[in-house]
1. Any idea what diffusion coefficient segment 498-556 gets from Stokes-Einstein, in µm²/s, Kirkwood Rh on alpha carbon pairs, 20 °C, 1.002 mPa s?
2. Using alpha carbons only, how many angstrom separate the centre of segment 491-566 from the centre of segment 12-36?
3. Regarding the chain, what is the average projected area of its C-alpha convex hull, in nm²?
4. Beyond 18 Å, what share of the Cα-Cα pairs of segment 2-64 remains, rounded to the nearest whole percent?
5. I need the phi-derived Karplus couplings for segment 118-124: 6.51 cos²θ - 1.76 cosθ + 1.60, θ = phi - 60°, integer Hz, Gly and Pro marked x.
6. Note down the relative contact order for segment 386-559 as a percent, whole number, built from C-alpha pairs under 8 angstrom at least six residues apart.
7. In square nanometres, what is one fourth of the surface area of the convex hull spanned by the alpha carbons of segment 3-175?
8. Taking DSSP loops as anything outside H, G, I, E and B, show the longest stretch in the chain free of GluC sites (Glu not before Pro) there with at most 12 other beta carbons within 10 Å.
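Every read-out reported here was derived from the displayed coordinates using simple, explicitly stated rules and does not represent laboratory data. No experiment lies behind these values; they were computed from the predicted model shown. Cβ sites come from the backbone with ideal geometry, for glycine too, and all protein chains shown count toward neighbours.
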Amino acid sequence: MDSDSENRLRDLRLNLAEVCLDGRVERIAALCRNPSGDALMTMIHSGVRHLAMTKVDQAVAERCHRILSVEHDVGRKVAAYLALNLFTFPHTIERAFDIVDVPTPLIATVVKVLLAVPMFFNRDGGRRRALAHVEATVQEIHKAATVIDETDFRTEILNGFMDGYSAMSIYAEDVPLKQMAQRRAQLIRMYVEISGLVRERVAHPRIARGEAIRLGVLCPGSFSEIAALRGHLKGIDHKAFQIIAFVPDEAATTVSAGFEDLADDFVPLPVADIARAADMIAGEQLHILMAGANLTNVCRFPWTLLMAQRLAPLQVAMHASNLTTGFATVDVYLNGALNEPDDGATDYTEDLVLFPGSSNHYVMTGGRVTPDSITREQIGVPDAAILAVTGANFFKIGPDLIDAWARILEAVPRAHLLMYPFNPNWMTHYPHKEGFLRFVQERFAARNVGIDRLHVLEAQASRAPILGVLKVADLYLDSFPYSGAVSLVDPLSVGCPPIVREGHTARCRQSAGMLRDLGLDVMVTRTTEHYVTLATRLLQDDSLRREMREAVADVARESGIAQERGIGDRVGDVLRAALEKKLGVR
């Protein structure tokens, strides 16, 4: 962002703050319901809150704090709270009012603001505090929506929640999120009921002897989720399973192309009409309905609204959902035994059904990709340098991870780090990119690591340039606590040794499970200290690093990572067993 754009943004923020501080509820509500967009939320999501405050900004923020501290009128408190959130983040503010006391015209906006935590965190412990804030907020929203039996209030609070909730930046914390997921699921279910979207199936079809199981699959559209679902389906017995792929009508051709070699039939669903889409799924007389996409992030995702309903006797989620769905209508969470801790079942509302090994097997569309021919000169890295690379996504990178990387580079003066954190599969646009990169540079500078040793690769149109970079790299550094998954396939496939850290919850064990499945336990660490020590040792020891590279290349070749073998045989076995259990078949 150039200085002129930044100044205009700051001026607009001050104007919006003054409108809020004027305290007129209807005027603020109109500002948030403008047909051209919600002005407050647009400003909040612009990245302006990551800019350092000027003296003028600080003066306005102090006025807001003073009103929240001494004002008795709830409307004035709410208005000041909305204004203050233009300058800072909700988990840092003492709110001083309850959601149930918010004027109904503002309730949806207040809920969205309450849930608008940062996309990235630049303070130690910030993500954990934001998570605690969101958990408490979801609990309060759930209580208010359940207890207050007023149609307008309930409609507004549910609409605010459906629009405002996003777990993308907070579920990187390695803690169970079952309670929050359950409350979220109950709120979503409440929303689909009052919106008249429920079209549930009651009759449960039996399985005749020799009959193929009708497996309906809600197909995702993102590259990584397509690859994961393809990995789960490739190798399944097509005599035992008939696969009906449900694809969004707005992208039916492109999504269908990802499954044309695996599905027996395709059904385009009108995703703008959830009730009709639910009717269509129910009409297919499925035995199993499986979601291949993430149901646990935003709330208005069509597959989430559909899985909140009972449309098949057995409904299944997989690791594309980063945690339990919380839905009473989802019966099974399918995962690999290596992905879960011994007490993993306690983290789920579904029955946790495990198959041997890791669930992180990926089958990409379009076949194998030939790496681009990349030189170090092209990416600005000296030939004499030792190059570490990470594809950890922007949302997975917190201060603890950045500090670990800075410590590694501090200990190895010849080492450089190349990042490609702006994966278009997570977001097509990263409005906070500049602030994030400034923060990384500041953390590195604090460890006396010059910014000339940090390199950033922008989003690429294909995997070929990424594979080319990894071929000239010496070491791959995975993310933690939230580990990599499909991003780890690339370094493994070209023999670049990865360092991973194993966590406790399934989303923080993916990389470790993949490496253990391949017999590469030696690259798995359990603590940050071990992660830093092992990475430092490998970057300092040329012969050990070559040995590890050869071992990774051998394992990748023998295991078939490059050939992208699926696990459909394992998935089919556990799905059949789960269905028979559900239907009481002996």
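1. Estimated via Stokes-Einstein, D reaches 181 µm²/s.
2. Their Cα centres are 52 Å away from one another.
3. Computed as one quarter of the Cα hull surface, the answer is 27.1 nm².
4. The proportion of pairs with Cα distances above 18 Å equals 38 percent.
5. x, 7, 9, 10, 10, 10, 4
6. 24 percent
7. 10.4 nm²
8. That gives 459-586 as the longest site-free run.
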